[in-house]
Structures are given as C-alpha cells and as structure tokens.
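Notes for the one structure printed next.
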Amino acid sequence: MLAQLSFRERNLALCAAGLVMLVGLLVTAVGWQDLIAVHGVIAALYTAGIIALLLKHRKAPAPSPERLKEYYDDPTKIGILLCLVWGVFGMAVGDWIAWLMAYPDATFDAAWASFGRIRPVHTTGVIFGFGGNALIATSLHVVQRTSRARLPDQFSPWFVLLGYNLFCLLAVIGYPLGITQSKEYAEPEWYLDIWLVIVWVAYLVLYLRTLARRQEPHIYVANWYYLAFILVVAVLHTVNNLAVPIAVGSTKSYSLFSGVQDAMTQWWYGHNAVAFFLTAGFLGMLYYYLPKCAGRPIYSYRMSIISFWGITFMYMWAGSHHLHYTALPQWVQTLGVGFSVMLIVPSWGSAANALLTLNGAWHRVRDDATLRFMMVAAVFYGLSTFEGSFMAIRPVNSLSHYTDWTVGHVHSGALGWVAFIVFGSIYSLVPWLYKCKGMYSKYLVEIHFWLALSGTLIYLISLWNAGITQGLMWRTYNESGELTYSFLDSMIAMKPYYIARGIGGFLFLTGACLALLNVVMTIKQASRESSRSDASTRAAAVDLPVAGAPQS
Amino acid sequence: MIIKTHYRIEKNSIALVLAIILVSGIGGLFEIAPLFSIDETVESAPDMRVYTPLELAGRNIYMREGCYACHSQMVRTLKDDVDRYGPYSLAAESQYDHPMLWGSKRTGPDLARLGEKYSDHWHTMHLNNPRDVVPESIMPAYRWLLRTPLDTQDLSLHLNAMRRVGVPYDDAMISNATQDALAQATPELSTSKALMERYGEETNVRVFDGKADTVTEMDALVAYLQILGRLTALPYQESSSTQ
Amino acid sequence: MEFGFLVYLSKSWGLFYLLALFIAVLVYALRPANKKRFDEAANSIFDDQDKPCR
C-alpha cells in the first residue's frame, strides 16, 4: 500500500510524522509532571509506528504512473476498517456503561472505569471514531466518483485519516485518566482541539482540491452535504473550544465563555454537531449510496437542493431548545422552538426523497438486506427529526428534558439513522472497492440487519418508557399539593428499563461485530482470489481509464 | 480555454463554500452575539463571590469525574423543579463558571441548590460508597477521592487562567492560592484568617473529609458541593419577593 | 453591537434576508432551465465508475 506513494510523498510523510513525533516528545519533556506527558508519549509512539512503516517501504520501487489513471481508494479501505473497529469498541463501551446504570459496582473499583470517565469514551468512540471515520472514508470515495477525478495527491488523505485517528485515540485515552474539559461532545482539551483544527483544514483543502479537478461544472449534491459538514464543523469546533490553558505543559484549560454565554455556545455547538456531523455528512452518504445501490437516480434532485439549504440555514438557530426554562433569555428559547419546528420540512424532504427513490424497487428492498439498511435509515431519519422537533416545543420539553427520553431520541438518530446508513453504505461499498461480487456472507448481513433493528427498537422503546415515566413522576402532585414521588422513587422505577436498554445495546453491538467480521472476510477472500487469478485476468478485472496521464 | 473552464469550475466550489458559510453563519451570529452585548442577560449580583482555590480544585474534580453527565446544575422555572430543588437558577449564579455545568441529564437529582443541604460527613460517606447511605443508589463509588492527596501546587496557574478569562481574582488571591487551599481544609492553620479576609467571612473553613492530617481530593470536592447555590443570595431574595 | 440594533436588524433585514434566501433557493431549484442539468447530475453517478478523467 505504501509503495503507491511517490518518493516525494514518502519523504513528505516522513517529515510530517517526524514533526508530530517531535512535538509529542517536546510536550512530554515540557509537561513531564503533568498528564499531558502521557499524551505526548502516545503521540510519539503512534508516529514512530508510522515512521517505521515508511522506512520499511522507503526503498520500494517507484510506483507506476499507471496508478494515476485510477481512483485512489487505499485511504478509504483503511478508513472503513478503522470505522468498524471504532464502532465495535465504542458500542462495547456504550453497552458496558448501560449495564453500569443497573449494576453500578461493575467498575472494578478503579477510577478510570467509573461511569463519568468512560461515558465520553463511548460518545467519542461512536460519534468521532465510528461516525467520523465513516464520513472521511466515504467522502473520499464519493468525491472522486462524482467528480470523476482522482485525489490530487497521495499524502494528504493519509494525513487527514491518520491525523484524525490520532485525535480520537488521544481523546479516548485521556478521559479515563481524567483529561476532559467537560463540554459534552467536545471533551478533548485545548491542545487536541488545536490538532483537530490542523487536520480539519487539511481535510477541507483536500476536498476542495479534488472538486477543483472535476470536469463537470455542476457539483453533485452529495458533495454539498459533505462540504457543509466539513465547513460548519470547523467553525463550530473552533468557536466552542476557545479556551485559555493554565500553562503550555498542562492539560488543563479554562473556557473563554462562562455561564449563560457558554451554555448557548455549547448547545449551539452540540446541536449543530448533530446537524452537520451526524446529519449533513450522512445525508451526503445517503444521496450517493442509496441511488447507486438501488440502481435508480434520486427521486427529486431539486428537492435535495431545497432540503440542503433548508438544513444549512435552519439548524443553526435550533440549539437553544436544549435550554428551555433555564436562565437563557426567553427570546432565544422562542427562536429555537420556531426553527426547530420548521426543520421538519427539509428533514422530511430528504427522508421522503430517499423513500420515493426506492419506490418501484421494493422487491429489491425485500431481498437485499443492504438496501434495507438504507431504507430503515431513511425511516428513522424521518422519525427522529419529527421527534426532535416535537421535543423542542416548550411544554413537551418540560416533560422530556433531563430524562432518558432525550437519550432515547439521540439513539434513535445515532443507531437508527447514522449507524444504519453507515452499515448500508459499507456493505455496498466494500464489494465495489475490492472488485468482488458481493460481501463474504449475505447471510451475515441479513442476521446483522435483524440484530440491529431489534436492538434499536428494544433500546428506543425502553428509553421512551423510562423517560416518560421519569418526567411524569417528577411532576406528579398529591391532593395536598405536595410532590408525590421522591427523586429516588423515580430512579428505582428505571431499573427494568435500564436492563432492557442494556440488552438492546448488546444486540446492536453483536451486529456490529458481525459487520467487522464480514468485511474482514470479504477482504481476505478478495485478496486470495486476486492472487490466485493470473496476470491476464487481473488486467481484465481492472477497469482501464479513458483519459491520458493526469495533469495536476 | 482549459484554464478558463478550470477557473469557472473552481469558482463554483468556492461560491458554494461561501454560500454555506453565509447561510449557516447567520443563525449563530444572531442568536449568540446579542448574549454578549446586553446587560439584561446576566442580572447583577453584588454579593456574588468567586470560588476559593479549594472549591475550584473541587470543581475540577467534579468535571474530571464527569459528574455533569448525570447531574444538572440548573433549576428550571417550572413549579415542580422549584418545589423539588429550590429557587430557580439565575444567569448570575454561573457567571464565573468556565465552563458552565448546567448539564443535560438527571440520572441523579439536580445539584444547583445542594450546598449545606447535607453534612460534610454525609457527603464523604456518600461519595466513598453511595450505597452505604442510599441503598438503592446507582451512583459510582468514588473511593479514591479519600485516599488521594489534593494536588495544590499549580493552583496559582489555575486562578491566573481564570482571571485571564474574566473572573475577578486579585494578585493576592493568585499568589496565595496554594496556601489558601490548604488553609480552608485545615482550620487550625494561622493562614485561614487571611483566607477569610480574601474570600469573605462566610467562607467554609473546616475539615471536610474527617481526616485532619491530609488535604485530600475529597476535601476539595465536598467544599465545592457545599458551596453550590451559595455564591450569592440573589435567587433566594428574588423568590421571596415574588411570592 | 448593540442589542436593540440587532433586534431591529433581525426584524427588518433579517426577515427580508430569510425571504430572499428562500426565493433564491426555490428559483434555482425549480427553474426550468436548470432541469436538464439536474437530471444529468442525478444520473451522473451511474456513469462509468472506475475511470477517473484526471
């Protein structure tokens, strides 16, 4: 794989890895009394591994110029594997902490294993590890196909992918040690935030350079969504993480904003992370892989454009619905409700567009679990956006907020929409990438589908019940005008639901393990077949390019 | 010709980038920017005091352990919230909270009005193993807090960073941060008088964790929990004036 | 940035901005002249897959 890099790119990679290693060692030296040294050492080891690989292949012969006439899919291939490994890891931790809520002593009495420290391991693992790698891997695949252009170079996609995974790795190792800035879904401390900005800018530049190489003047709509994801996440991340570190050699920082301003900034970030990380990017995935897999063009291209601008405009206003009845000024809350409700229109536009695309191919949805994954994703997208708008209305929110209903809602989006579209896309993408007829086992895909669906439903139904029960118990008064239930009563009532949630999560996790297994076996099978077939058949299997050598 | 098409194509993607920024940027700007410019957002609370170094250290432990994942610090303006927890939270109360810890989930109860509701002893027992005091509790046991001495060495740096983001710590507070932290949990020290002078007579100076010989992380966390909702009397005055 | 000024801005120009944006998107998406381009784009993903042009 590394032999595909030109000599110049190999040297560039060595320099970049060396530089990061140097920074890691420097950080270790400056902050050797602080926990930051742990991060420094890990960063140094990580880059040392990359350098060792590069040095091993440094003397490999120069790659053939023929490679430039094909798409560059190696980063996508690795990205998919990383995505699934992070997925299994993040979901396993998620299920563990789900069981902690029923059996709180399952922590080995270790500080690192307590609920509060490993919850961000779960959220970062699944959102950034699983979701983020899926987005990077598929976006690089989609942008090349829709632009009909190869990535402009072979260094920057690796920088983006490996740099991003370094960020995730350091973040996830940091939380159990107690390194966190405590902002939900933005827990990594200041120096990791800076590193992510660097990686993210490289990602944006890579994406724009690839788009600039395209031949068609029109940019396919999937790229719009991916681009909005990259751009807006950059802005959100930067603004929300503004902080003053106590010293250069220390992990600790204090956020620039405080109190009500910080709350609004945090939930402006939090809600738009949902909008642009967990929605826009995955809609990009949907708008490419769903029509492609169904063999039918998107039902209404126009509707996809209208939805795009609707989502891009309106989501930004909706964050304040996380702060109803709080010390946030009322006008900001009202604004949030208005836009949250209006968001149904573009959201359902996309969901309907996806389902109407499948109209006429229902027999394929019935027979093909891959397509069924995508269909269920579209349904859950419609359901959870409706639920979200509903929960943003103040009276509903007064019941649902702070309860497990919110957690259920998030997972209806995260499991039902995000994970389903990721699995659907991966199951259609992997056979294309490895040029084989299909996944190693169609049967496993089928089992995975039913495990994932039943897991999601058990999870959601138990938490809907839990949340509504909690919300009602908290506000029940007896005849003499006193609160009927103590907080403890409501907590005890949760136990059966928490156990059911743990079971649902376990089913979903099992499905994810099967996906990883299936993908690994597909890759193994493909490489065995390609090594078995002789050179002539291999030449036939590889599509020949139409145009001459690229000019960059 | 090729250059011209190329130019046009690049212009398209840049136009798309600009359009996305323009369209998405408006929402954040109009929603967040005014919060920084109006005085009405945060009521004035003249008696509001800053966290002592020990309480700040405790707050950092609260964040490190992820307490905010299960406990909110925000009493909403709803009747049942106020009846259950106490006067609703005001913006002024978290004006020195960098970052705020309003929270988003109540797996456990709200903590905004926790201060002085339970004894130090209860908190120490409860944090050490919640099921010793509340058999049905599902809170994790934080046994290591009692056996870990508090790191007070770099507290001056913490206070200094807080000042740089706008919290009114003065020079004396910053330079004496370590000494003040130790003094707050060790009442017999002569320095505790100086601490009271800096942070006010109301400051809790006592052995929080029941272990007089060392200042532990438990001391810091309990000191922080006991000050929750007690930094200003404003919310209590407001609720009595409206009733 | 004054609070009152921002409120004025959002109530007047903000409304026009919102409407203008909405109309602009509708015009762009529904203009008959663009139909051909969009149909082509929707079908473009079925063009030869494994052949980059550059």
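The values are calculated or read from the model by the stated rules, or taken from the named source; none is laboratory data. Being a predicted model, the structure only gives us computed values, none of them experimental. Every residue, glycine as well, gets a Cβ built from its backbone with ideal geometry; the counts of neighbours run over all protein chains shown. These accessible areas exclude ligands, DNA and RNA; they are computed on the full protein's heavy atoms, side chains included. Shrake-Rupley method; radii C 1.70, N 1.55, O 1.52, S 1.80 Å.
Between residue B:147 and residue A:32, what is the label-to-label distance in nm when each label sits 7 Å out along the Cα-to-Cβ direction? Distance between label points: 2.8 nm. Between amide H atoms placed 1.01 Å from N, distances below 5 Å from residue A:477 occur with A:484, all of them 5 or more places distant or on a separate chain. If R0 is taken as 45 Å, the Cβ-Cβ distance between residue C:30 and residue B:80 corresponds to a FRET efficiency of 0.40.
Distances between placed amide hydrogens fall under 5 Å for residue B:216 paired with B:150, all partners being 5 or more residues away or on another chain.
Of all lysines in the structure, those lying under 21 Å Cα to Cα from residue A:252, and not within fewer than 8 positions of it along the same chain, are A:183.
The string of couplings for segment A:132-140 from the Karplus curve (6.51, -1.76, 1.60, θ = phi - 60°) is x, 5, 4, 5, 5, 4, 6, 4, 5 Hz, one whole number per residue in order, with x for Gly and Pro.
Between residue A:334 and residue A:248, the FRET efficiency from the beta-carbon distance, with R0 = 45 Å, is close to 0.55. Excluding same-chain neighbours fewer than eight residues apart, the aspartates and glutamates reachable from residue A:56 by a Cα-Cα span under 16 Å are A:9. Relative to the dominant Cα principal axis of chain A, helix A:369-392 is inclined by about 40°. Interface residues of segment A:270-302, defined as a loss of at least 50 Å² in heavy-atom accessible area between the chain alone and the complex of all protein chains with a 1.4 Å probe, are A:292, A:297, A:301, A:302.
Each part reduced to its alpha carbon centroid, segment A:430-494 and segment A:261-280 end up 23 Å apart.
Principal-axis analysis of the Cα atoms of chain A puts helix A:259-272 at an angle of about 50° to the longest axis. Per residue, chain A exposes 35 Å² of solvent-accessible protein surface, assessed with a 1.4 angstrom probe and all protein chains in place. The contact residues of segment B:79-93, meaning those that lose at least 40 Å² of 1.4 Å-probe accessible area when all protein chains sit together rather than their chain alone, are B:80, B:84.
In this structure residue A:529 has an accessible area near 90 Å², from a 1.4 Å probe over the protein heavy atoms.
To the nearest 0.05, what FRET efficiency results for residue A:530 and residue A:53 with a Förster distance of 22 Å applied to their C-beta separation? That gives a FRET efficiency of 0.50. What is the Cα centroid distance between segment B:57-106 and segment A:190-204, reported in whole angstrom? With segment B:57-106 and segment A:190-204 each reduced to a Cα centre, they are spaced 31 Å.
Chain B against chain A buries an accessible area of about 7400 Å², both chains summed, 1.4 Å probe radius. Calculated [222 nm] ellipticity per residue, helices only, for chain A: -22500 deg cm²/dmol; basis is -39500 (n - 2.57) per DSSP H run with n ≥ 4, divided by all residues, nearest 500. 3J(HN,Hα) along segment A:92-108, derived from phi through the Karplus expression 6.51 cos²θ - 1.76 cosθ + 1.60 where θ = phi - 60°, amounts to 5, 4, x, 5, 4, 5, 5, 6, 4, 6, 9, 10, x, 8, 7, 10, 6 Hz, with x in place of Gly and Pro. When both segment A:52-73 and segment B:169-243 are represented by their alpha-carbon centers, they are found 63 Å apart.
Per-residue extension of 0.36 nm, minus the Cα-Cα distance of residue A:356 and residue A:446, leaves a gain of 30.1 nm for this segment. Between residue A:479 and residue A:198, the simple spin-label model (points 7 angstrom out along Cα→Cβ) gives 7.1 nm. Check residue A:243: other-chain or 5+ apart residues with amide H under 5 Å from its amide H, H built from backbone geometry? So residue A:243 has HN proximity to A:256.
Could you please state how large a percent of the accessible area of chain A is carbon and sulfur, counting protein chains only and using a 1.4 Å probe? Solvent-exposed carbon and sulfur of chain A make up 70 percent of the total. Compared with its chain on its own, segment A:94-143 contains the following residues whose accessible area drops by 20 Å² or more in the full protein assembly (probe 1.4 Å; ligands, DNA and RNA excluded): A:101, A:104, A:105, A:109, A:111, A:114, A:115, A:116, A:117, A:119. Residues within the reach of a label modelled at residue A:67 (point 7 angstrom out along Cα to beta-carbon, backbone nitrogen below 12 Å), restricted to segment A:186-227: there are none. In chain B, helices alone account for a calculated mean residue ellipticity at 222 nm of -15000 deg cm²/dmol, with every DSSP H run of four or more residues adding -39,500 (n - 2.57). Computed extension length for residue A:493-residue A:386: 35.8 nm, one decimal, from 0.36 nm per residue of separation with the Cα-Cα distance subtracted. Mean separation of Cα pairs under 8 Å and 6 or more residues apart, divided by the residue count, gives chain B a relative contact order of 26 percent.
Over the C-alpha atoms of segment B:111-243, the Rg to Rh ratio, Rh being the Kirkwood estimate, stands at 1.00. A straight Cα-to-Cα reach below 16 Å connects residue B:105 with the aspartates and glutamates A:184, A:404, B:65, B:81, residues fewer than 8 places away in its own chain not being considered. Chain A against chain C buries an accessible area of about 3000 Å², both chains summed, 1.4 Å probe radius. Residue by residue, segment B:46-57 carries 3J(HN,Hα) couplings of x, 8, 4, 10, 8, 5, 6, x, 5, 5, 5, 4 Hz when phi is fed to the Karplus relation 6.51 cos²θ - 1.76 cosθ + 1.60 (θ = phi - 60°); x denotes Gly or Pro.
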